[in-house]
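Colleague: First the structure, which I've put down as C-alpha cells, then a few questions once you've had a look.
The values are calculated or read from the model by the stated rules, or taken from the named source; none is laboratory data. Keep in mind it's a predicted model, so treat the numbers as computed, not measured. A quick note on method: Cβ atoms are made from the backbone with ideal geometry, for glycine too, and the neighbour counts reach across all protein chains shown.
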Amino acid sequence: MSVLRSLVLYTALALTATAATQATAAAREDLEVMREGLMRKLIFHETPREPSATGFTDRSGGARTLADYRGKYVLLNFWATWCTPCRKEMPSLDRLQAKLGGERFEVVTVATGRNALPAIDRFFRDFEITRLPVLLDASRALAADFGALSLPVTMIIDPQGREIARLIGDAEWDSDSAVAILSALIAQES
C-alpha cells in the first residue's frame, strides 16, 4: 500500500510541477510579447537567479540589503553620476516610481563605484529626481555580485528577491511597454 501511495503522490507532484512550469513559461511569453522599443532589450531568465545578500548603504551610511524589499517587485538599477546613458534614463525611473511605486513595487537605484554625495545631490537636483532613493555601492560589491559590468544595468527582482529579468543599457522605464510589463508582473502577485 505504501508503494502505491508513494507512486500516486509522486505522480501528483510531477503533474503539478509540470503544470507550474508550463504556466510560468506561458506567463513569461505573455510578458515578452509586450516588449516594444527599448524594452526589446529586456531579457527574461528561464530560471530566476538566486537572491543576493551583498550589502550596500543609504545616504547616511546605514546598512541595507535587497532583503529590505522582500515581498514586492523591485526594479533594481545600477547607475553612476558620470554615466551619460544613466543621465538619460534616470528621469524615466523617477516617473516610473511615481506611477507604480507603492506596497507591491519599488524602483531601487544604486549608485555604484565612486559617486560622492554632493555629486549625487547635484545630479538629482539638475534632473529633478525627487522620488528615488540615494543608495550607494561604493565598493561595487553588489554590482559585481550581479555581474553588472557596464552601466546602466537594470534588473527586475521578484518578491522572493530573485532576479527574473535584466536590461543592459538605458531605457524609457515609464514607456507604455515598460509600464504594461511591470503592471502585469505586479498583478500576478495579487
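Colleague: Quick one: which residue in 112, 154, 130 is of a type in the set (Ser, Thr, Tyr), surrounded by fewer than 19 Cβ atoms within 10 Å (Cβ to Cβ) and on the phi < 0 side of the Ramachandran plot?
Modeller: Details: 112 fails: surrounded by fewer than 19 Cβ atoms within 10 Å (Cβ to Cβ); 154 fails: surrounded by fewer than 19 Cβ atoms within 10 Å (Cβ to Cβ).
From the options 112, 154, 130, the qualifying one is 130.
Colleague: Turning to a different aspect of this structure: Residues 176, 170, 145: which one is surrounded by fewer than 17 Cβ atoms within 10 Å (Cβ to Cβ), within 19 Å of residue 100 (Cβ to Cβ) and of a type outside the set (Ser, Thr, Tyr)?
Modeller: Answer to the check: 176.
Colleague: Which residue out of 166, 140, 131, 125 is without any contact (Cβ under 8 Å) to a residue 24 or more places away in the chain and closer than 24 Å to residue 84 by Cβ? Full working, then the answer.
Modeller: Values: 166 fails: without any contact (Cβ under 8 Å) to a residue 24 or more places away in the chain; 140 fails: without any contact (Cβ under 8 Å) to a residue 24 or more places away in the chain; 131 fails: without any contact (Cβ under 8 Å) to a residue 24 or more places away in the chain.
Checking each option against the conditions leaves just 125.
Residue-wise test of (1) surrounded by 14 or more Cβ atoms within 10 Å (Cβ to Cβ); (2) in a strand (DSSP E or B); (3) not hydrophobic (A, V, I, L, M, F, W, C).
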{"position": "44", "(1), (2), (3)": "yes, yes, no"}
{"position": "81", "(1), (2), (3)": "yes, no, yes"}
{"position": "98", "(1), (2), (3)": "no, no, no"}
{"position": "122", "(1), (2), (3)": "no, no, yes"}
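Colleague: Okay, next question. Answer yes or no: is there a residue in the stretch 80-96 that is basic (Lys, Arg), under 16 Å from residue 159 (Cβ atoms) and either at pLDDT 95 or above or not assigned by TED's automatic domain parsing to the domain that holds residue 122 (or both).
Modeller: No, because not a single residue in the stretch 80-96 is basic (Lys, Arg), under 16 Å from residue 159 (Cβ atoms) and either at pLDDT 95 or above or not assigned by TED's automatic domain parsing to the domain that holds residue 122 (or both).
Colleague: Quick one: in the stretch 56-73, which of the residues that are without any contact (Cβ under 8 Å) to a residue 40 or more places away in the chain and within 16 Å of the chain's Cα centre (by Cα) is farthest from residue 186 (Cα to Cα)?
Modeller: Step by step, filter the stretch 56-73, then rank; the result is 65.
Colleague: Still on this structure, I have one more. Please go through the stretch 100-122 and give me each residue that is touching a residue at least 24 places away in the same chain (Cβ under 8 Å), under 20 Å from residue 71 (Cβ atoms) and of a type outside the set (A, V, I, L, M, F, W, C), ordered by number.
Modeller: Once the filter is applied, which keeps residues that are touching a residue at least 24 places away in the same chain (Cβ under 8 Å), under 20 Å from residue 71 (Cβ atoms) and of a type outside the set (A, V, I, L, M, F, W, C), the stretch 100-122 yields 101, 103, 104, 106, 109.
Colleague: One residue is enough: does the stretch 51-59 have a residue meeting the conditions small (Gly, Ala, Ser), in contact with a helix residue (DSSP H, G or I) (Cβ under 6 Å, 6 or more places away or on another chain) and not in a strand (DSSP E or B)?
Modeller: Residues of the stretch 51-59 small (Gly, Ala, Ser): 52-53, 55.
Those left that are additionally in contact with a helix residue (DSSP H, G or I) (Cβ under 6 Å, 6 or more places away or on another chain): 52.
Imposing the further condition that a residue be not in a strand (DSSP E or B) reduces the set to 52.
Yes - at least one qualifying residue is present in the stretch 51-59.
Colleague: Output the residues belonging to the stretch 141-167 that are under 12 Å from the mean Cα position of the chain (by Cα) and outside any loop (DSSP other than H, G, I, E, B).
Modeller: Residues satisfying the conditions are 153, 154, 155, 156, 157, 163, 164, 165, 166, 167.
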